[in-house]
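Written out below as structure tokens is the structure these notes cover.
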Amino acid sequence: MDGTHYDLKRIRIPKCGILLGPMHSNLELLLSSIVDSLTTSVFSMVDWLTTLDLHQQHPVEVFVAPSLNNCSDMNPEFRMYQQQDAHECLSGLLNRLRSLAEPDFVEQIFGGLLRSRLQCTHCLHVSETFDPILDLSLAIEGPCTTLSNALELFTQIEQIEGSTPCEKCKEKVSREKELKIEQAPEVLVLHLKRFNNDGNKIIDIVNYPFELDLKPFLSNPNGDDNVKEVRLYDSRYQDAYILFYKRIGTPWFTSLKESCTSYTTVKAKKPETVEQDFTVNVSNAQYSPSLPDHYSNTPVAAGLFNLGNTGFFNAVLQCLTHTAPFVEGVKTCDHICPSNINHLFKKNQQQDAHEFLLCMLNEVQQSTRTNFVEQIFGGKSRSRLQCTHCHHVSDTYESMLDLSLAIEGVLNLSDALELFTRLEKIVESPPCEKCKEKVPREKELKIEQAPGVLVLHLMRFNNNVEKIIDFVNYSSELDLKPFLSNPNGEDNGETKYDLYAVLVHDGNSSSSGHYFCYVHPSPDSWYNLDDAKVTPVAKYEVLRRAAYILFYKRIGTPWFTSLTESSTTVKAKKLKIRKRESVEQDFTVNVSNAQYSPSVPDHYSNTPVAAGLFNLGNTCFFNAVLQCLAHTAPFVEGVKTCNHICSSRDFCFLCLLKGFMEDALNLSGDSFSPWQLVDNLSDINHLFKPNQQQDAHEFLRCMLDKVQQSSEPNFVEQIFGGQSRSRLQCTHCHHVSDTSESMLDLSLAIKGVIYLSDALELFTRLEQIEGSTLCEKCKEEVPREKGLKIEQAPEVLVLHLMRFNNNAEKIIDFVYYPFELDLNPFLSNPNGDGNGETKYDLYSVLVHDGNSSSSGHYFCYVRPSPDSWYNLDDAKVTPVSKYKVLVQDAYILFYKRKGTPWFTSLKVSSTTVKAKKLKIKTMEPVEYNFTRNVSNMQYSRTFPDDDSNIPVVQKSMEPNLVKQIFGGQSRSRLQCTHCHHVSDTSESILDLSLAIKGVLSLSDALELFTRLEQLEGSTPCEKCKEEVPREIGLKIEQAPQVLVLHLMRFNNNVEKIIDFLNYPSELNLKPFLSNPNSDDHGETEYDLYAVLVHHGSSSSSGHYVCYVRPSPDSWYNLDDAKVTPVTKDVALTQVAYILFYKRKGTLWFSSLEF
């Protein structure tokens, strides 16, 4: 600190004001204060502040501050046109600047350090914690007549009643707490807390000086840096809320102007008013005679073309487009490029509009950093359970984005809401938490917190998907007050709502029929939006529709017409798609170096096959699916030749897939890492996470759906797409009703099935549907018969053998499958010319080895040419005979229509091409002089003048460097206590977390980690089927090069475990291995080379240091910038948090040459 004196800055800007647009009205003074408080470095970092033309001869008097439409980026609670607390806004602005700016100038200017000291009243033990601050919030209620009183109150010692035991004496006694300023900031911001917890303002006047001395409130007031004397000036008698003090000597605002000595006031040029033309051309619209003339000048969103069963999509989007706050949120939000809305939504398939709406809102929620969807649509419901015996009440609160209302037998919307919130008796209920009596309970639902926009879903489809056609009266105004849990509470604000959108379904089921909507863009106009057709309508016509979803906005929330554009005319811009130059690709490979089985014919040596793929951590499912697709010749051609729109500037899925296909074919005979696609698995489906096993069939479907969405034309549909026909037949009059559905694969039940043809026959077999339904023709309510057939056969037939039942138990029945399959018996029109060739060749078999879809291992067999087969098991590529393929427990089978190209047809211009290895840029050795002056501990590093060759760990280096160094495998063994059947699961590890409570040594902790223990409860054994307890034991299956041991020092209550644990400088891992005598493990002894230590009482506070061992005979303590040599004994007597061991024989730090 250069001094402890501060000057009070004047809260205005000389010759410069701010003209606020659609902003928070209280920001003018705040922004002016911030502008006046920041130094030159601030102005260079904040774009909009550069509007102050500080370096011109004539500073402006007025300028237009940019609109803070994205004020929710500072705080998700901030909304447009709503007054906000200035202190919250200041904190949000500074924190936002900190996250954007490099270097962190906000910390340099406003940042200080606060010391919190706790002293035990029993043993006088002192514990100190240091917290960073950007401002100080001072209580002013009561005796605080001056600012110094408020600071004294802030720093005075207070007694804390005993709640936690003392770290030293362990006594649970009271403590004394004292706050002091450890490090004073350059600019001191003092927030006077004028609002109490009830929101009432404290109007006491606090005298504050123009010059403030901070010395009495520092933790070290006599430090050498505090050189100035105390001087106080007159106080001002304003009702101050926030005070800005700058350290004496810090530049004033006027110092930011260097080129002129005097200010000349120049009248600012006012911003031009933009006249927005919202005129709609309705010359072709059909008007009802009752429509007023103003409709022709009322804005409404554009119509949307139907792109094939997209009525549900268009209707939902139109309703959201006319939700003004949602549009503002989308326009201003900071977002992450989303993946897809829902992998179950298929092109050209009708979907339920309500389901799509929820998926749409959830996707927007996940993709935006500021959750404006929650702010607009989010509310809370309260579920209250009341015991009928003791009347004990238990409340549960749940977030909601909409309300689903039962409407069967209901006449009015208010009746549906009353039914939703009605008290009902639950007969079967658990014992009461209070009286323990198992008696019926009463349940009541109420709205705890009303949303800004209320979405009401009228449940028109019952469990049998039959439509409820009852008409429900709904009004253009709704009062939610009777349905609130606290109807008189002020928290809910306005309880009256305006109807602004009505979504209607016309048809018999949610997945068929047609969707359209009515919107209310302004208080006096209604429009019908039916796909591309936009028609003005009268209000009464809207209110007599059988609504499916109703959209109400809180009275006072903006209408659609309040949304304005930035210019009078905007021409529609066509998306420019850059044409790609066609590349002649030679896909012929030379596999002369492959290792062949004796039973494999000689011609295999000249047969191309795709490259192997490294497993990057539970990615066998990914590798197996990609290998099958890479050997689907039409799919590869489709990926190579399709036009597509790049989904993101930084990442495009189809571009990466195209690069992957080229590498897979070019690098035949080698292996490579598909890390770019693996790193972006969540783009295929947001549920896919790194290092987690996934179901291969589910991944295949999501993969194909993703390619469908990204490509033009839709070659996935052309290759894998077919149609199935579902026929319903009346058992009374034999009337037939057919429905056709698109398909990309067939899922076949295989329980008890021996042959693949049996599974297909079972799939297409006529079966009787339980229950009776009304026949459309004879009107008799009789049972129906249902039969599935293939209406249109695909080019590539994918057959998914359903090996996992609803309980996730694997079906291990073997199913015989042929090399050649005839689909003719399973077609709806087997003799029709439309199906073409009905015989198919098997070319890929995907196999799962394990007990569940989310564990075990996936690999595949591929047939690149008619007379060759290969086993692709991650990076391992092995030629096999066709007989080995036919005895596999297949999970997914890939058949191609006869005449469709084989993988080997992908060659273009030459007959042989040598396999190309992945090129990794070789780093030249760099001279690195690591001079160490131990006496002063000042290290010098000498680099050559040209530092362009300094080595950098690149992500493209093969294989995964981190996995090679830190990666190992643990084996979890479950053993049945009845028949002793063993089930093993292997998992990748990067470290081991060890429990240390009550443990004396590291070997004890490892023994505890690997000890056999009995699991609570009983589960049926896979072998003997007995429901008995199991025993579980963990062992290390594969030991890593570098072993990281995390000693779990923090329990679930975040209390620190301070037990000392003995750890050796040499560790033998052999007793903890699953197969200690195997040669695969190599060296099992490890050297300790780093110890990370935590000082403090919780993981989120305190201080971290480490001890490192750069060579076998030296140890150093590294404490931030301080580097100190220490003895081995010091390093081995620390309360360690993380231990780093390296395998004996691996390099020490001192052996590195740069």
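The values are calculated or read from the model by the stated rules, or taken from the named source; none is laboratory data. Keep in mind the model is a prediction, meaning the values are calculated, not measured. Here the Cβ positions follow ideal geometry from the backbone for every residue, glycine too, while neighbour counts run over all protein chains shown. The protein model used for the area step is the full one, side chains on, heavy atoms only, and it has no ligands, DNA or RNA in it. Shrake-Rupley method; radii C 1.70, N 1.55, O 1.52, S 1.80 Å.
Can you tell me which of (1) touching a strand residue (DSSP E or B) at 6+ places or on another chain (Cβ under 7 Å); (2) over 26 Å from His389 (Cα atoms); (3) of a type in the set (Lys, Arg); (4) surrounded by fewer than 16 Cβ atoms within 10 Å (Cβ to Cβ) is the one Lys481 doesn't meet?
(1)
Six or more apart or on different chains, Cβ under 6 Å: which pairs go from a residue in region 668-679 that's β-branched (Val, Ile, Thr) to one that's open to solvent by 10 Å² or more (accessible area, probe 1.4 Å)? Could you list them?
Going by the 6 Å Cβ cut-off, the qualifying pairs are Val678/Leu616.
Where residues in region 399-420 are modelled with pLDDT under 90 and not hydrophobic (A, V, I, L, M, F, W, C), which of them is most open to solvent (accessible area, probe 1.4 Å)?
Glu408
How many residues does region 436-479 hold that are under 34 Å from the mean Cα position of the chain (by Cα) and without any contact (Cβ under 8 Å) to a residue 12 or more places away in the chain?
So the count comes out to 1.
Any idea which of Ser1150, Ser1099 is touching a Ser or Thr at 6+ places or on another chain (Cβ under 7 Å) and open to solvent by 50 Å² or more (accessible area, probe 1.4 Å)?
Of the residues listed, the single one that is touching a Ser or Thr at 6+ places or on another chain (Cβ under 7 Å) and open to solvent by 50 Å² or more (accessible area, probe 1.4 Å) is Ser1150.
If you go through region 81-135, how many residues are under 26 Å from Lys215 (Cα atoms), among the β-branched types (Val, Ile, Thr) and at pLDDT 80 or above?
Of the residues in region 81-135, 4 are under 26 Å from Lys215 (Cα atoms), among the β-branched types (Val, Ile, Thr) and at pLDDT 80 or above.
Give region 1010-1031 a look and list any residue that's more than 18 Å from Ala808 (Cβ to Cβ) and part of a strand (DSSP E or B), or say none.
Glu1013, Gln1014, Val1028, Glu1031
May I ask you to list pairs of residues, at least six apart or on different chains, whose Cβ atoms are under 7 Å apart, with the first in region 142-158 being in contact (Cβ under 8 Å) with a residue 24 or more places away in the chain and among the polar types (S, T, N, Q) and the second being in a helix (DSSP H, G or I) and open to solvent by 50 Å² or more (accessible area, probe 1.4 Å)?
none
Considering region 1085-1103 alone, what residues qualify as being closer than 11 Å to Arg1049 by Cβ and either more than 33 Å from the chain's Cα centre (by Cα) or of a type in the set (Val, Ile, Thr) (or both)?
Val1093
Here are some conditions: (1) assigned to a loop (DSSP other than H, G, I, E, B); (2) within 30 Å of Leu543 (Cα to Cα). Leu419 meets all but one. Which one does it not meet?
(1)
Pairs, please: C-beta under 6 Å, at least 6 apart or cross-chain, first residue closer than 30 Å to Asp745 by Cβ and in region 774-796, second aromatic (Phe, Trp, Tyr)?
These pairs meet every condition: Ile790/Phe826; Pro794/Phe720; Val796/Phe720.
Conditions (1) loosely packed, with under 14 Cβ neighbours inside 10 Å; (2) under 20 Å from Val753 (Cβ atoms), marked per residue:
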position	(1), (2)
Cys775	no, no
Cys778	yes, no
Leu801	no, yes
Asn805	yes, yes
Lys839	yes, no
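If the Cβ limit is 7 Å and pairs must be 6+ apart or interchain, which residue in region 1052-1077 that is under 15 Å from Leu1008 (Cα atoms) pairs with which residue that is among the aromatic types (Phe, Trp, Tyr)?
Going by the 7 Å Cβ cut-off, the qualifying pairs are Leu1069/Tyr1086.
Can you find a residue in region 360-367 that is modelled with pLDDT of 90 or more and either over 30 Å from Gly507 (Cβ atoms) or among the charged types (D, E, K, R) (or both)?
No; the residues of region 360-367 include none that is modelled with pLDDT of 90 or more and either over 30 Å from Gly507 (Cβ atoms) or among the charged types (D, E, K, R) (or both).
Would you call Ser983 open to solvent by less than 60 Å² (accessible area, probe 1.4 Å), out of contact with any Cys (no Cβ under 9 Å at 6 or more places or on another chain) and polar (S, T, N, Q)?
no
Ala1121 is checked against (1) open to solvent by 40 Å² or more (accessible area, probe 1.4 Å); (2) at pLDDT 95 or above; (3) not polar (S, T, N, Q) and fails just one. What number does that condition carry?
For Ala1121, the exception is condition (2).
Does Ser1099 fit the bill of being within 30 Å of Asp131 (Cβ to Cβ), out of contact with any Gly (no Cβ under 6 Å at 6 or more places or on another chain) and in contact (Cβ under 8 Å) with a residue 40 or more places away in the chain?
Spelling it out, Ser1099 is indeed within 30 Å of Asp131 (Cβ to Cβ), out of contact with any Gly (no Cβ under 6 Å at 6 or more places or on another chain) and in contact (Cβ under 8 Å) with a residue 40 or more places away in the chain.
From the list Ser737, Ser726, which residue is without any contact (Cβ under 8 Å) to a residue 60 or more places away in the chain, touching a Leu at 6+ places or on another chain (Cβ under 6 Å) and open to solvent by 20 Å² or more (accessible area, probe 1.4 Å)?
Selected residue: Ser737, the only one of Ser737, Ser726 that is without any contact (Cβ under 8 Å) to a residue 60 or more places away in the chain, touching a Leu at 6+ places or on another chain (Cβ under 6 Å) and open to solvent by 20 Å² or more (accessible area, probe 1.4 Å).
With respect to Glu809, is the statement that it is surrounded by 13 or more Cβ atoms within 10 Å (Cβ to Cβ) and more than 39 Å from the chain's Cα centre (by Cα) true?
No; evaluated as a whole, the condition is false for this residue.
Search region 984-1034 for residues being modelled with pLDDT of 90 or more and among the charged types (D, E, K, R), and hand back the single one that is farthest from Gly968 (Cα to Cα).
So, considering only residues that are modelled with pLDDT of 90 or more and among the charged types (D, E, K, R), the one farthest from Gly968 (Cα to Cα) is Asp1004.
Please verify whether Ser1065 is more than 36 Å from the chain's Cα centre (by Cα), over 29 Å from Lys170 (Cα atoms), surrounded by fewer than 18 Cβ atoms within 10 Å (Cβ to Cβ) and modelled with pLDDT of 85 or more, treating the condition exactly as stated.
Considered against the rule, which asks whether it is more than 36 Å from the chain's Cα centre (by Cα), over 29 Å from Lys170 (Cα atoms), surrounded by fewer than 18 Cβ atoms within 10 Å (Cβ to Cβ) and modelled with pLDDT of 85 or more, Ser1065 comes out as yes.
So which of Tyr552, Tyr515 ends up being modelled with pLDDT of 85 or more, among the hydroxyl-bearing types (Ser, Thr, Tyr), farther than 29 Å from Thr739 by Cα and part of a strand (DSSP E or B)?
Exactly one of Tyr552, Tyr515 is modelled with pLDDT of 85 or more, among the hydroxyl-bearing types (Ser, Thr, Tyr), farther than 29 Å from Thr739 by Cα and part of a strand (DSSP E or B), namely Tyr552.
Got at least one residue in region 1037-1060 being modelled with pLDDT under 90, small (Gly, Ala, Ser) and open to solvent by less than 70 Å² (accessible area, probe 1.4 Å)?
no
Mind checking whether some residue in region 363-383 is in contact with a Ser or Thr (Cβ under 7 Å, 6 or more places away or on another chain), open to solvent by 70 Å² or more (accessible area, probe 1.4 Å), outside any helix (DSSP H, G or I) and closer than 20 Å to Arg554 by Cα?
Looking through region 363-383, at least one residue is in contact with a Ser or Thr (Cβ under 7 Å, 6 or more places away or on another chain), open to solvent by 70 Å² or more (accessible area, probe 1.4 Å), outside any helix (DSSP H, G or I) and closer than 20 Å to Arg554 by Cα.
Being crowded, with 17+ Cβ neighbours inside 10 Å, touching a helix residue (DSSP H, G or I) at 6+ places or on another chain (Cβ under 9 Å) and of a type in the set (Asp, Glu) is the filter here, so list the residues in region 841-879 that pass it.
Across region 841-879, the qualifying residues are Asp873, Asp874.
Taking the stated definitions as given, is Lys496 closer than 28 Å to Lys443 by Cα, under 37 Å from the mean Cα position of the chain (by Cα) and in contact (Cβ under 8 Å) with a residue 40 or more places away in the chain?
yes
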